[in-house]
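Enquirer: Right, I'll just put the structure down here and ask away after.
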Amino acid sequence: MSTVLHIKNMVCPRCVKMVRYVLEHEGQVVKDVTLGKAELETEPDAAAAARIANALQEEGFLLLDDRKTQIVETIKNFVVETVHYGALDEMNENFSTLLSQKLQKDYHMLSKLFSETENTTIEQFIIQQKIEKVKELLVYGELTLSEIAYKLGYSSVAHLSGQFKKVTGLTPSHFKQLKEEKRRSLDNI
């Protein structure tokens, strides 16, 4: 019988690879690994579970055994995956609807649980993730602010700029300017 491990601190594709490596190194047959979860072919015995927990912890991951914590981590992973690796410009539904569908739970209950556990709202967490993605895209310099706003599902550049300034204290153009001032071209080093 397969078993699912819920794992905290998985935030990127490299984390998925590392968790898979750790589990396989511990002798487990891994069916699948995604952000926040790993499915094993069989349930490890108590000794193997302890070794897995220790090995994951050495790499900065934590096994979650509390159901509420698992739900919160699933919400966080869904938001991170959607904002950083998804297509927000193609989203036809609100995050609240998508989260309710994914977890098959009432959004009000999810929101309350998240707020109690994380001391922030789901909406604020989404905004934080979006702003981090905006920073990343500004640093790359490949997209205009208008293209970034569209890509991240903002209704306008003004809306994106307002949220960016509220979170960072800087306008997007000032942030980009600071980044460029701190970098020196290779021929000036």
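Enquirer: Say the dipole of the chain comes from +1 at the beta carbon of Lys and Arg and -1 at that of Asp and Glu; which of Ile52, Ser146, Tyr21 then lies farthest toward its positive end?
Expert: Projecting each Cα onto the dipole axis, the largest value belongs to Ser146.
Enquirer: Using a Cα-Cα cut-off of under 26 Å, which lysines could be cross-linked to Lys68, ignoring same-chain neighbours fewer than 8 residues away?
Expert: Once the sequence-local lysines are set aside, what remains near Lys68 is Lys8, Lys17, Lys31, Lys37, Lys76, Lys102, Lys105, Lys112, Lys130.
Enquirer: Continuing with this model, one more query. Could you work out how far helix 46-58 tilts from the main Cα principal axis of the chain, as a 0 to 90 degree angle to the nearest 10?
Expert: Approximately 20 degrees, to the nearest 10.
Enquirer: Given contacts defined as C-alpha pairs under 8 Å and at least six residues apart, what's the relative contact order of the chain, whole-number percent? Could the numbers behind the result be given before it?
Expert: Details: 190 pairs, mean separation 30.6, N = 189.
So the answer I get is 16 percent.
Enquirer: Same structure again: When N is the residue count of segment 1-138, what does its C-alpha Rg come to as a fraction of 2.2 N^0.38 Å?
Expert: Values: Rg = 15.9 Å, N = 138, 2.2 N^0.38 = 14.3 Å.
Normalised Cα radius of gyration, segment 1-138: 1.11.
Enquirer: Counting only the heavy atoms of the protein chains, how much of Arg20 is accessible to a 1.4 Å probe, in Å² to the nearest 10?
Expert: 70 Å²
Enquirer: Determine the calculated [θ] at 222 nm for the chain from helices alone, applying -39500 (n - 2.57) to every DSSP H run no shorter than 4 residues and normalising by the residue count; nearest 500 deg cm²/dmol. The partial results should precede the final answer.
Expert: Details: 9 runs with 115 residues, N = 189.
Helices in the chain give a 222 nm mean residue ellipticity of -19000 deg cm²/dmol.
Enquirer: To the nearest 10 degrees, how steeply does helix 107-118 sit against the main Cα axis of the chain, on a 0 to 90 scale?
Expert: Roughly 90 degrees, rounded to the nearest 10.
The values are calculated or read from the model by the stated rules, or taken from the named source; none is laboratory data. Note that this is a predicted model, so its numbers are computed, not measured. Here Cβ is always computed from backbone atoms with ideal geometry, including for glycine, and neighbour counts include all displayed protein chains. Note: areas computed on protein heavy atoms with side chains; ligands, DNA, RNA excluded. Shrake-Rupley method; radii C 1.70, N 1.55, O 1.52, S 1.80 Å.
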